[in-house]
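The numbers here are math on the coordinates, done by the rules we state, and not lab data. Predicted model, so just to flag it, every value in this text is computed and none were measured. Counting neighbours? That spans all protein chains shown, and the Cβs are built from the backbone with ideal geometry, glycine included.
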């Protein structure tokens, strides 16, 4: 069963990587933005650029993910609890990189711990898992991702790009509903991305993002910048590609979602899962943080011994 699962994963991955960038009629999306108060001249100029592309992959992947999850969800009165972790982040080279990063940013991280009660090891662990300590902030353009998903209000726009057999007669109406909902969600995020670009005087098409449009070293969705982002340097703007802003924003997010100075272990996992709704993600973040804290304890014992 495991072998078949791995093969299926790579077949799905290969399918999505083969999807082409397509031309699109952006007029419905432009009209919507203009009606919501964005300057017409700026909106039209933005969408008339040659490098603006419609990308069906993000919405197709989201539909594939949602439909597979709905059909495979375990029917049980007891919630399923996974103890699995992404083992690559627990490799010694990864832990050593995270440790070195922590040491380089120790002053900032100590201030963050005092302000938000979030241990520096947890903040660095999230940054490691999210973007390999800022080295990988996404290979897509966040604008392309969010505008393409926002334009895809009708399942027919992406249906042919979803792997065969995923959309069936018994789930097609559900798929249409979820497609509309995710389109509205992406539209809201697109508006925040444009606002973030304006505040930072940045070209919207220059901002890299994840497959679903998360941005920055800490991979916030654009709306979360305005809820949890921190202007650590007092610049008058939040720049998630700035290390101090990103680290403070991670801690503020966790603090605002329930991380306190005396938080219990079981609640730590719950709070981390608000950052990413994956049990494996939360397990990995806390496991990496434990490894980093273990190294600190080992160093403390070594110092006492000498």
Selected from 149, 63, 94 as most flexible by GNM, with the chain as the system and alpha-carbon contacts under 10 Å: 94
Helix-only [θ]222 nm of the chain, DSSP H runs n ≥ 4, -39500 (n - 2.57) each, per residue, nearest 500: -19000 deg cm²/dmol
Mean separation of Cα contacts under 8 Å, 6 or more apart, over the residue count of the stretch 157-290: relative contact order %: 13 percent
Helix 279-305 vs. the chain, principal-axis angle (Cα, 0 to 90°, nearest 10): 20 degrees
Length added when fully stretched, residue 50-residue 87, from 0.36 nm per residue minus Cα-Cα: 9.2 nm
Residue order, fewest to most surrounding Cβ atoms within 10 angstrom, among 126, 238: 238, 126
Between helix 142-151 and the chain: long-axis angle, C-alpha atoms, 0 to 90°, nearest 10: 40 degrees
Protection proxy ranking of 109-119, 284-294 - average other beta-carbon atoms within 10 Å, highest first: 284-294, 109-119
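With the contact rule set at Cα under 8 Å and sequence spacing of 6 or more, what percent relative contact order holds for the chain?
Normalised by residue count, the contact order of the chain is 23 percent.
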Peptide ranges 51-59, 169-177, 226-234 listed from the most packed, as the mean C-beta count within 10 angstrom indicates: 51-59, 226-234, 169-177
Difference of contour (0.36 nm per residue) and Cα-Cα distance, residue 34 to residue 132: 31.5 nm
The stretch 192-268, relative contact order [Cα under 8 Å, separation at least 6], %: 23 percent
Degrees, to the nearest 10: 243-256 long Cα axis against longest axis of the chain: 90 degrees
The stretch 140-167 versus the stretch 168-242: alpha-carbon centroid distance in Å: 16 Å
